[in-house]
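The values are calculated or read from the model by the stated rules, or taken from the named source; none is laboratory data. Since the model is a prediction, treat every value here as computed from it, not as a measurement. All Cβ positions, even for glycine, are placed from backbone atoms using ideal geometry, and neighbour counts span all protein chains on display. Heads up: the accessible areas ignore ligands, DNA and RNA and are worked out on the full protein's heavy atoms, side chains in. Shrake-Rupley method; radii C 1.70, N 1.55, O 1.52, S 1.80 Å.
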Amino acid sequence: MRVKSSATAPTAIAVPAPRERRSYGAVPAALGVIAFSLTFPSTAWGLESFGPWSLVSVRGVLAALVAGGCLLALRVPLPERRHLPGLAVVALGVVFGFPMLTTLALQTSTTSHAAVVVGLLPLTTAVCSALRTGHRPSRRFWVAALAGAAAVLAFTIGQSGGALTTADGYLFAALVVCAAGYTEGGRLARVMPGWQVIGWALVLCLPLSLPAAAVALSYEPVHLTAHGVAGLLWVALGSQFLGLVVWYRGMAAIGIPKASQLQLAQPLLTLVWSALLLGEHLTAAAPVTAVAVLVCIAVTQRS
């Protein structure tokens, strides 16, 4: 004779399925891309009031003060010693290298041109991730990534008349250092919250950015305008801190290679912002490139 148990079964804890976790991770990664798409127009605005070295160093100081304040307020313990080399790579690549190189490029390049060159960042990040982590994406992933990169490169060469400039050299160097920073940041975001990754990287750069800001401001003239201040605040708080917080969180959830492919949409978003905020002219090739890039994003996300 069976006896019905009167004990209440333990309540099951709802754990998101892998597919749900990936879908959730795509949201913060996409928000990061939107934040980054405003970086170049905001930098162009910032250059109306500040010199290139002043803009980069001051944005680093402001972002570090906000990040450091959050770390102190929440009493976050110091990162483990084994994580310091990775944080140093993030600091040199994302906090200092990429902003400095792209700001120098934007002195002689339009934001729309810079945006399409930096559109190669997803492929660069995927390659860097494969070399660093040993992860090997599928062949279909690489075909789609290369196709997206080829579309962006063709658009870039068409815009520049077939000749690469000094600004392009700065931008290509920025791709390398940023890809390294993204890869290390995404790896560290698996063992600590993404906001702490960029927070500690910003704090690590403070001993460099603070004296650099003091020296740069003493040599480069400052002419404050509404655009200049707004641009500085966005690149410091939106791009440098909040954007990277959600970006690293997304990379930790869906993986570095797939998250990097979402950035294929970034140059196209930047083109829109450049037209709306800066009045730059968009060529007829932009919508064609947009369609090609969006198709590549869909393929890489499904592979």
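Some points to look at:
- Residues within the stretch 94-121 that are at pLDDT 90 or above, within 16 Å of the chain's Cα centre (by Cα) and surrounded by fewer than 24 Cβ atoms within 10 Å (Cβ to Cβ), tallied: 4
- Listing of helices (runs of 4 or more DSSP H) fully contained in the stretch 190-303 that carry 1 or more residues being modelled with pLDDT of 85 or more and of a type outside the set (K, R): 194-219, 226-233, 243-254, 266-273
- Subset tally (residues that are in contact with a helix residue (DSSP H, G or I) (Cβ under 6 Å, 6 or more places away or on another chain), part of a loop (DSSP other than H, G, I, E, B) and closer than 19 Å to V222 by Cα) for the stretch 25-49: 2
- Residues (under 15 Å from L204 (Cβ atoms) and not in a helix (DSSP H, G or I)) located in the stretch 56-91: V76, L78, P79, E80
- Scanning the stretch 240-272 for residues that are over 24 Å from C128 (Cβ atoms) and surrounded by fewer than 21 Cβ atoms within 10 Å (Cβ to Cβ) yields a single hit, V272.
- Residue that is modelled with the lowest pLDDT [pool: residues in the stretch 132-170 that are exposed (fewer than 13 other Cβ atoms within 10 Å of the Cβ) and more than 24 Å from T103 (Cβ to Cβ)]: G162
- Check on G181, open to solvent by less than 60 Å² (accessible area, probe 1.4 Å) and more than 28 Å from V116 (Cβ to Cβ): no
- Residue among V215, V222, V191 that alone is under 26 Å from R136 (Cβ atoms) and surrounded by fewer than 18 Cβ atoms within 10 Å (Cβ to Cβ): V191
- Only one of the listed residues (L74, L84) is within 15 Å of T183 (Cα to Cα), surrounded by fewer than 16 Cβ atoms within 10 Å (Cβ to Cβ), modelled with pLDDT of 85 or more and hydrophobic (A, V, I, L, M, F, W, C). That residue is L84.
- Here the condition is being touching a residue at least 40 places away in the same chain (Cβ under 8 Å) and within 29 Å of A145 (Cβ to Cβ); of A284, A236, A292, it holds for A292 alone.
- Boolean, V299 is touching a helix residue (DSSP H, G or I) at 6+ places or on another chain (Cβ under 7 Å) and either open to solvent by 20 Å² or more (accessible area, probe 1.4 Å) or more than 19 Å from G46 (Cβ to Cβ) (or both): yes
- Members of the stretch 96-153 that are over 16 Å from L271 (Cα atoms), in contact (Cβ under 8 Å) with a residue 40 or more places away in the chain and not in a helix (DSSP H, G or I): Q107, T108, H135, P137, S138
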